[in-house]
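I have placed the structure first, in the form of structure tokens, so that the comments after it can refer back to it.
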Amino acid sequence: MKNKKCATCSLPTLSRNRAMERVLELLRVPCPNAGCSKIVSCSETLAHVNHCPFTQRTCPFSSCDFTCSFKDLYKHSAAKHSIAAPRAAKFGLSFSLSMFKCGTLVCTHLSTYKRIILKEQTTEGEGEIVVVEWFDMPDGRIFYAYCIGPGADKFSYQLKLSLASGDHLSFNSNLQRVREVSNEPPCSRYMLVPSCMLPYRKCGICIKRETH
């Protein structure tokens, strides 16, 4: 007879106890994370923990081994991983905590800060964390935005750049969700502004949650 294995732990078993499986499916347990008050079924525990704002995770920015819950990730990221231009650092300029609301244009000042970290303004949950940054390249400047942290929601975004000449550039793309931030220029889904069109006055971003 072919050996049978438990569907959960893979240990050998003679047969499945389907009656007990149904009992376990009906059981509801508290989230194992300290600070979370959610009550979920046994079968939903793993999926909940993967997205729970109280789950401890390592900071997604490279060369940082700081561990915190997702609810604390925004403050840590804004305080430790916003990149100041040399002039801003020289004068000791601080970073403000910036919020965004889906569907509303938010103006950023990337000429002063090479990276802006935004948090979604919401009354439910912890909200998404979006990073907007730019990289200088030989032929111009790359503008890019992405979402960090756990989550299943999908977003699109529009970048609007106001040039010193009075012209305006606009770029639309999907907002990628990343688990690790490499501090390297992206390979796709970015806006390249040629050097001849720089400098710029301001940059705006409008983030939209995609509906299913």
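One table, with the values for the structure above:
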{"item": "Compactness of region 132-204 - radius of gyration and Dmax, Cα, Å", "result": "13.1, 40"}
{"item": "Length-normalised contact order of the chain in % [C-alpha pairs under 8 Å, at least 6 apart]", "result": "17 percent"}
{"item": "Surface per residue (accessible, 1.4 Å probe) for the chain, Å²", "result": "63 Å²"}
{"item": "Segments 138-150, 163-175 sorted - mean Cβ within 10 Å per residue, highest first", "result": "138-150, 163-175"}
{"item": "Accessible surface of the chain [probe 1.4 Å, protein heavy atoms]: carbon and sulfur percent", "result": "53 percent"}
{"item": "In nm, spacing of pseudo-spin labels at R179 and D139 (7 Å Cα→C-beta vector)", "result": "3.3 nm"}
{"item": "Accessible surface, 1.4 Å probe, highest first, among residues L192, L14, L161, L198", "result": "L14, L192, L198, L161"}
{"item": "Nearest-10 value in Å² for the accessible area of L27, using the 1.4 Å probe", "result": "80 Å²"}
{"item": "Given K154/K208; K38/K101; K38/K119; K80/K101, the pairs whose alpha carbons are separated by over 19 Å", "result": "K38/K101; K38/K119; K80/K101"}
{"item": "Summed side-chain charge close to S82 - residues other than S82 whose Cβ falls under 11 Å, Lys, Arg +1, Asp, Glu -1", "result": "+2"}
{"item": "Cα-based helix-to-principal-axis angle, 70-80 vs the chain, degrees rounded to 10", "result": "30 degrees"}
{"item": "Debye equation applied to the C-alpha atoms of the chain, log10 I(q)/I(0) at 0.09 Å⁻¹", "result": "-0.48"}
{"item": "Label-point gap, in nm, between S10 and C187 - each point 7 angstrom along Cα→Cβ", "result": "3.0 nm"}
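The values are calculated or read from the model by the stated rules, or taken from the named source; none is laboratory data. Note that the structure is predicted; figures quoted are calculated from it, not measured. Cβ atoms come from the backbone with ideal geometry, glycine included; neighbour counts cover every protein chain shown. These accessible areas exclude ligands, DNA and RNA; they are computed on the full protein's heavy atoms, side chains included. Shrake-Rupley method; radii C 1.70, N 1.55, O 1.52, S 1.80 Å.
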